[in-house]
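Asks: Below is a structure I'd like to ask you about.
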Amino acid sequence: MATRTPLIAGNWKMYKTESEAEQYIQALLPRVSTATDVDVAICVPFTDLRAMVDSARGSRVEVYAQNVHSEPQGAYTGEISAPMLSELDVHGVVLGHSERRELFGETDKALALKVPATLSAGLVPILCVGETEVERDSGDTERKLRNQIGEDLAGVADEQLAHVVIAYEPIWAIGTGRVASPEQAQEAIAFIRALIEARSPEAAARARILYGGSVKPDNAPELLALPDVDGALVGGASLDPDSFSRIVAAAAP
Ligand code: PEP
């Protein structure tokens, strides 16, 4: 069976100026330097990317962006392309976060172009999927996940699927303090893995699928011990280097 190195990724959202980011990384690096068998990532605002890549160089911390355009260049005012990120030595990009879907109208159609564009530039996509509370309550969780995985990954060849990281983020758990139960997280993530397996058993064995939604140092050990959970996408608790490094430690006990 393939072994999957856990990934703990912090999503800063629209927090931290460059000087705040510098202070953060200087505090984080010594706290995660001894953690082995775990990948650590921070997903930072565009304006922090260059400084974070420089400060994290040679460490175990990978730097991700939080959005990208699907075209390599063009007349798209205000947008950033995947080649622009890879030239900065950025490691990857978070795509399809529910805040981008809900607040900025990001569609599955757009994601179907962004995911392959990210891979073509040598970047790792972390694709976020997940259901609303209404969808869960009406028994629509699996339908939602099947649609999102089907549409967003339609343009990715089977041989490339293992390079996509998927984050299962139930929307009702994001920023609410209402973490999914271990049973809910395991069930949804096993379902996503089965969707990948239907396309490529090899990719399903290798692809990392994270849980995201109110992960904190105290609930991380139980979630990260679940058989199909390969790490966490962490919002609020990633903003403090101490709590984030405690979550990293929970993935590499
Ligand atoms: C997120 O923004 O992806 C997230 C999971 O946020 P939080 O951990 O704060 O719920």
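Asks: Computing the accessible area with a 1.4 Å probe over protein heavy atoms, can you report the carbon and sulfur percentage for the chain?
Replies: 51 percent
Asks: Take the Cα of Asp218, step 7 Å along the line toward its Cβ, and report every residue of segment 160-183 whose backbone nitrogen sits under 14 Å from that point.
Replies: 177-179
Asks: Express the accessible area of the chain per residue in Å², computed with a 1.4 Å probe while the remaining protein chains stay in the model.
Replies: 45 Å²
Asks: Go ahead and run the numbers for FRET between Leu226 and Phe104, Cβ-Cβ distance against an R0 of 35 Å, rounding to 0.05.
Replies: After rounding to 0.05, the efficiency reads 0.65.
Asks: Just add up the charged neighbours of Met52: K/R +1, D/E -1, any other residue whose Cβ is under 14 Å from the Cβ of Met52.
Replies: -3
Asks: For the chain, modelled as a GNM with alpha-carbon contacts under 10 angstrom, which of Gly235, Gly92, Gly212 fluctuates the most?
Replies: Greatest mean-square fluctuation among the candidates belongs to Gly235.
Asks: Can you give me the distance in nm between label points at Asp240 and Glu87, each placed 7 Å from the Cα along the Cα-to-Cβ direction?
Replies: My value for the distance between the label points is 4.0 nm.
Asks: Go ahead and set up a Gaussian network model of the chain, Cα springs under 10 Å, then flag whichever of Glu151, Glu197, Glu20 fluctuates most.
Replies: Sorting by GNM fluctuation, first place goes to Glu20.
Asks: Given Gly177, Ser86, Ala252, which one lies farthest toward the positive end of the charge dipole of the chain, if we put +1 on the Cβ of every Lys and Arg and -1 on the Cβ of every Asp and Glu?
Replies: Going by the charge dipole, the pick is Ala252.
Asks: How big is the dipole moment of the chain about its Cα centre under a simple scheme where the beta carbon of each Lys and Arg is +1, that of each Asp and Glu is -1, and everything else is neutral? Debye, nearest 20, please.
Replies: For this selection, approximately 220 debye.
Asks: How high is the FRET efficiency between Ser120 and Glu151 when r is their beta carbon distance and R₀ equals 25 Å, given to the nearest 0.05?
Replies: The computed FRET efficiency comes out at 0.85.
Asks: Let me ask something else about it. Tally Lys/Arg at +1 and Asp/Glu at -1 over every other residue whose Cβ is under 13 Å from the Cβ of Val32; what's the total?
Replies: Summing Lys and Arg as +1 and Asp and Glu as -1 gives -1.
Asks: Remind me, relative contact order of segment 79-251 in percent, using alpha carbon pairs under 8 angstrom and six or more residues apart?
Replies: It comes to 18 percent, rounded to a whole number.
Asks: On a full-extension model of 0.36 nm per residue, what is the gain between Tyr76 and Arg57, subtracting their alpha-carbon distance, rounded to one decimal in nm?
Replies: Once the chain is fully extended between Tyr76 and Arg57, it gains 3.8 nm.
Asks: Hey, if we sort Met14, Met52 by accessible area with the 1.4 Å probe, largest down, what's the order? Walk me through the intermediate numbers first.
Replies: Numbers: Met14 175, Met52 0 Å².
Sorted descending by solvent-accessible area, the residues read Met14, Met52.
Asks: Considering only the other residues whose Cβ falls under 14 Å of the Cβ of Ser138, what net charge follows from Lys and Arg at +1 and Asp and Glu at -1?
Replies: Working: positive: Arg136, Arg143, Lys144; negative: Glu131, Glu133, Glu135, Asp137, Asp140, Glu142.
Residues near Ser138 contribute -3 overall.
Asks: With no solvent and one equal point scatterer per Cα, compute the Debye intensity ratio I(q)/I(0) for segment 79-251 at 0.15 Å⁻¹ and report its log10, rounded to two decimals.
Replies: Result of the Debye calculation: -0.84.
Asks: Of Asp228, Asp242, Asp218, which has the most accessible area and how do the rest follow, probe 1.4 Å?
Replies: Asp218, Asp242, Asp228
Asks: For the full complex of protein chains and a 1.4 angstrom probe, list Phe104, Phe244, Phe191 by accessible area with the highest value first.
Replies: Phe104, Phe191, Phe244
Asks: Still on this model: Glu142 to Glu22: extension gain in nm, 0.36 nm per residue of separation minus the Cα-Cα distance? Don't skip to the answer; put the middle values down first.
Replies: On the way: separation 120, 0.36 × 120 = 43.20 nm, distance 4.07 nm.
Using 0.36 nm per residue and subtracting the Cα-Cα distance, I get 39.1 nm.
Asks: Between Glu133 and Glu159, what is the FRET efficiency for a Förster distance of 45 Å, r being their Cβ-Cβ separation, to the nearest 0.05?
Replies: Values: r = 36 Å, r/R0 = 0.81.
Calculated value: 0.80.
Asks: May I pose another question? Pulled fully out, how much extra length does the chain show between Asp37 and Tyr15, if you take 0.36 nm times their separation in residues and subtract their Cα-Cα distance?
Replies: 5.1 nm
The values are calculated or read from the model by the stated rules, or taken from the named source; none is laboratory data. Please read all numbers here as calculations on a predicted model, not as lab measurements. Here Cβ is always computed from backbone atoms with ideal geometry, including for glycine, and neighbour counts include all displayed protein chains. These area figures cover heavy atoms from the full protein model, side chains too; ligands, DNA and RNA do not enter into them. Shrake-Rupley method; radii C 1.70, N 1.55, O 1.52, S 1.80 Å.
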